[in-house]
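Since the structure comes first, as structure tokens, the remarks are kept for the end.
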Amino acid sequence: MSMNTQGRPTGIGSGGAGGNGSSMLPNEPLLFEIGDREHSGVDLPEVEIVTDRLGGFDRASALDLPGLTEPEAMRHYVRLSRLNHSIDSGMYPLGSCTMKHNPRLNEKMARLPGFADIHPLQPVSTVQGALQLMEELSHWLMTLTGTAAVALSPKAGAHGELCGMMAIKAAHEARGQAHRTVVLVPESAHGTNPATAAFLGYSVKPIPARADGTVDASAVVAALSPDVAAIMLTNPNTCGLFEPQIREIAAAVHEAGAYFYCDGANFNAIMGVVRPGDLGIDAMHINLHKTFSTPHGGGGPGAGPVVLSEALAPFAPVPFVRKAGDGLELVEHPQETALGRITAFHGQMGMYVRALTYMLSHGGDGLAQAARDAVLNANYIRARLADVFSLPFPDYPAMHEVLFDDSFLEGSGVSTLDFAKALIDEGFHPMTMYFPLVVHGAMLIEPTESESRQTLDHFCDVMLDLARSAKAGDKERFTAAPTRAPRRRLDETRAARTPRLTWSPPEDLPQAAE
Amino acid sequence: MRYLPHSDAERADMLALIGGPDADALFSAVPSDLLLRQPPALPAHSPEFSVEARMRALSARNHAAGDGPFFIGAGAYRHHVPATVDHLIQRSEWLTAYTPYQPEISQGTLQMLFEFQTQVANLTGMEVANASLYDGSTATAEAVLMARRLTRRNRILLSGGLHPHYRDVVRTYLGDDDDLICLPASPVGQGDILSRLDDKTAAIVIQTPDFFGHLRDLKAAADAIHAVGGLLIVVVTEVVSLGLLEAPGALGADIVVAEGQSLGNALNFGGPYVGLMATRKSFIRQMPGRLCGETVDAEGQRGFVLTLSTREQHIRREKATSNICTNSGLCALAFTIHLSLLGEAGLVRLARLNHARAGALADALAAIPGVTLLNRTFFNEMTIRIGRPAAPVVEALARRGILAGVPASRLLPGEPEVDDLIILAATELTSSEDIAALSAALAEELK
């Protein structure tokens, strides 16, 4: 039996493999335990095919795909959805992730037929509005960053990094500098930075952080050599600090004939306040799903346009939009640039629509205010928690996020992980944990501008109460947590040791490894 | 400013508690000569109705696929998406959730991904699938890199039937590389790829239905590449075809990558889409992207977590299998909901309907004087030769309100032998009236 075909005894809510729970806290069976091969929620005519043109490649093997009728599907996915925390249901203080409010006007606009129902290979004459939208979005991004060009097509932040670093590589090759094989990456960088550099064949040279959490310009100078192709620096950095020597670093990097790649994951702190181009960056990706409010969607899709300096502009990938007569044209043949193409078609149009909608709603003034509020909120949390939590880098104001280490928990037997899981029982998503790697037991908190003062106060009250509990020896509140979530802590070791990545019928279950 | 909760009084209060003299003091690390004192030179904030009017004006300047007869495919297909799909994916708990790194409060997303992985594995006839990649083209490039890691060989052969954008993305990912061999485009569905294999070959990449709509013999390809110890990578850009065509896994594929847009996702001018990747169980440690796995919680209840993350960049940094950080979660959700609604019975009916509409289109086109149909086999897409440059004809038909497919020259510029080719697709949304309108207009243009 490949799936349930026995009169569907495990219908939704009737028990099934996982129990049933309540409608408020459902224990939802798997699709494969409730659907079967005959049911369908889509009415389609049965057609006769007189002569098929399949050349004998017809399917002989079983598909084994369960179907649900429409009411069953609705209930399955609604019940599953209730098991998720979301921005709309509670604060998401995830450092480095910018979990801000996702306006629904964005969603409505992305679904206009003139955006959602157009094909990427329609004649360019029939999509002039789409190209104009790409032009306008580019204008906003270049104006906010003070840069000369933008490549819109990267599909996500890490893809944008790849694109920006490929542009740097292409520029070096075009200028006879292909011998540059080293990329400098500060220790506090996101994991994607060294992974991207290594992906392109560069060797990664780490730059240590200073005691105050920032990058030392003299350490960069010392690491620079004729072999260095670029530095990949995050600004504001992952300790939540604006790099005070960033101009000196940029000047030294350029002096040495290398390029300055900036990880723009934290652009939300400075949009409309300072322009990265003025700081000397050559390339920077912008996560539209962070800074410009396109939804995270449970892990994607993202969008990672890359802004480029004058020096790198000629090395952008295709496609890009260009003026032609009184209209716009799409340059889409890879022969027209040194870099070529990094994705099929034109990138994440659906995200361009949402991001531009957000920009027009906020305006230049509102974006600057949003950045200032994001920074205000992070510093407010820092000020309220500073007496109890341990602040490794007190010398500079926080930007959009504040970093604590775990020294305040010393002797309590409570780890950063335990502390974060206890936050779940109080209705909050945990903060980012154990990142950046430069402090012990990191807790990185980013409230974003979307949180009201009442919410921030409630969050701080909860954090202080948890800290008091930990210090008072109430270990159980932490090590047992979460107790008020759909699941208790999950056994990740078991998942990795005997991976079960797809469902199989109960009779095929392997014996438990214990 | 409707998205910002603070009043000016609250801002001042908060600043007082922080202890700074003014808001600029929070930016004291920024070089003061670079701190912008004025908002950037961009329009000021707008009410919702004004923004909506502006966006509607831009949208109105595009000819939507639903505005008239429509026959474009070439890697993105216009299918009907049930209303339930779009309703569900806009629920807050799906739309505004983060990556499920905290499994206790992310079981919805995780169970959905586990179901998605199973559906993709079953659909492709493979043992395992990941939780999705950006799209079909980047998934293809990742599959090529994965094959190199698995075989410790370098040579990659790309079939002439591979979508040209996919070929270009592989080229970009691999950089200047003598071991990447791209066979010339083959509009008639033949290629000599199998005669070029040797014991240095890591993998061959074959798309079926191919860029020109032909169905390719995967079994022959699998046998030939396995005989020299390499891998077969199969690319599918139209997943609905798998309702009717034999699963690549059943024919010997080692890695299957696909564009999943056809199920649950709108055309969106090219993105966001959803890349599928499925493979053999023994290859999972070299597979890029997120994986969801089953486990139990502290009380023994079944639950799901992201797993095998020691392959990934946030753990392994420069030693990771790829730099990928996100998947295409919400598009994967749309895919899995649509496929759950269809089920096996519905997917087979949908595939048959597509093939039937394409058969009607092929017959109508072949009857037009001056048109030659190049396909002996196809699923829902085909190529015709019209004996004159195709791009101006397609443009002229667009002026009549008919979007009549893609001139092959748009994707294969500078190749005279494809200059007079048009690639056309039909789906369940293609009506007999659409086909009649296209036939009449094309016949007139070719007179």
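What follows is calculated from the coordinates using simple rules that are stated; it is not laboratory data. These figures come from a predicted structure and were not determined experimentally. When we count neighbours, we look across all protein chains shown, and the Cβ atoms used for this are built from the backbone with ideal geometry, even at glycine.
For the range B:416-428, backbone phi angles converted through the Karplus equation (6.51, -1.76, 1.60; θ = phi - 60°) give residue-by-residue couplings of x, 6, 10, 4, 9, 10, 10, 9, 10, 10, 10, 10, 4 Hz, Gly and Pro being listed as x.
Comparing mean-square fluctuations of B:A366, B:A64, B:A147 from a GNM of chain B with C-alpha springs under 10 Å, the top value falls on B:A64.
Beyond 25 Å, what percent of the Cα pairs of the range A:231-370 remain? The calculated P(r) of the range A:231-370 puts 36 percent of pairs beyond 25 Å. Scalar couplings 3J(HN,Hα) for the range B:18-32, obtained by applying the Karplus form with A = 6.51, B = -1.76, C = 1.60 to θ = phi - 60°, are 5, x, x, x, 7, 4, 5, 4, 5, 9, 5, 7, 7, x, 5 Hz; x denotes Gly and Pro. Once the chain from A:E336 to A:E492 is taken as fully extended at 0.36 nm per residue, the excess over their C-alpha distance is 51.4 nm.
Ordering A:A398, A:N379, A:A442 by Cα displacement along the dipole of the range A:364-493 toward the positive end leaves A:A442 in first place; charges were set at the Cβ atoms of Lys, Arg (+1) and Asp, Glu (-1). Remark on B:V128: its backbone amide H falls under 5 Å from those of B:T279, B:K281, a criterion applied only to residues 5 or more positions apart or on other chains, H modelled at 1.01 Å from N. Kirkwood analysis of the protein assembly as shown, using all unique Cα-Cα pairs, places the hydrodynamic radius at 28.5 Å. The charge dipole of the range A:364-493, taken about its Cα centre with unit charges on the Cβ atoms of Lys, Arg (+1), Asp and Glu (-1) only, comes to about 320 debye. Its residues counted as N, chain B yields a C-alpha radius of gyration over 2.2 N^0.38 Å of 1.13. Modelled spin labels at A:D212 and A:E70, positioned 7 Å past Cα toward Cβ, are 6.4 nm from each other. Pairs spanning more than 23 Å between alpha-carbon atoms, out of A:K169/B:K319; A:K169/A:K205; A:K155/B:K200: A:K155/B:K200. Once every Cα of the range B:83-338 carries one equal point scatterer and solvent is ignored, give the base-10 log of I(q)/I(0) from the Debye formula at q = 0.08, 0.17 Å⁻¹, two decimals. Ignoring solvent entirely, the Cα scatterers give -0.30, -1.31. As a ratio to 2.2 N^0.38 Å, the alpha-carbon radius of gyration computed for the range A:142-201 takes the value 1.22. Rg ratio for the range B:375-447: its Cα radius of gyration over 2.2 N^0.38 Å, N being its residue count, equals 1.08.
Ordering B:F304, B:S186, B:S241 by Cα displacement along the dipole of the range B:83-338 toward the positive end leaves B:F304 in first place; charges were set at the Cβ atoms of Lys, Arg (+1) and Asp, Glu (-1). Would you please state the base-10 log of I(q)/I(0) at q = 0.05, 0.11 1/Å for chain A, with intensities from the Debye formula using one equal scatterer on every alpha carbon? After summing over all Cα pairs, the log10 values are -0.25, -1.10.
Taking a ≥ b ≥ c as the square roots of the eigenvalues of the alpha-carbon gyration tensor, the range B:255-310 is classed oblate because a/c is 1.5 or more while a/b is no larger than b/c. Remark: chain A carries a charge dipole of roughly 200 debye about the Cα centre, counting +1 on each Lys and Arg Cβ and -1 on each Asp and Glu Cβ. With θ taken as phi - 60° and the Karplus curve 6.51 cos²θ - 1.76 cosθ + 1.60 applied, the whole-hertz 3J(HN,Hα) list for the range B:258-265 is 8, 8, x, 3, 4, 9, x, 10 Hz, x standing for glycine and proline.
The mean of 1/r over all distinct Cα pairs in the range A:330-427, once inverted, gives the Kirkwood hydrodynamic radius of 18.1 Å.
Of all DSSP beta bridges in the protein assembly as shown, what percent run antiparallel (nearest 5)?
60 percent
Between amide H atoms placed 1.01 Å from N, distances below 5 Å from A:I207 occur with A:V185, A:E187, all of them 5 or more places distant or on a separate chain. Here the extension length gained between A:Y434 and A:H254 equals 61.5 nm, from 0.36 nm per residue of separation less the Cα-Cα distance. Relative to one another, the C-alpha centroids of the range A:190-231 and the range B:278-349 are positioned 32 Å apart.
Taking 0.692 mPa s as the viscosity and 37 °C as the temperature, the Stokes-Einstein diffusion coefficient of the range B:276-364 based on its alpha-carbon Kirkwood radius rounds to 197 µm²/s. From the square roots a ≥ b ≥ c of the eigenvalues of the alpha-carbon gyration tensor of the range A:364-493, which class results: rounded (a/c under 1.5), prolate (a/b over b/c), or oblate? Prolate, because a/c is 1.5 or more and a/b exceeds b/c. Per residue, chain A reaches -10000 deg cm²/dmol at 222 nm when only DSSP H runs of four or more residues are counted, each adding -39500 (n - 2.57).
Full extension of the chain between A:I49 and A:S22 gives 5.0 nm of extra length, using 0.36 nm per residue less the Cα-Cα distance. Put a plus charge on the Cβ of each Lys and Arg, a minus charge on the Cβ of each Asp and Glu, and nothing anywhere else: the dipole of the range A:32-151 about its Cα centre is then about 700 debye.
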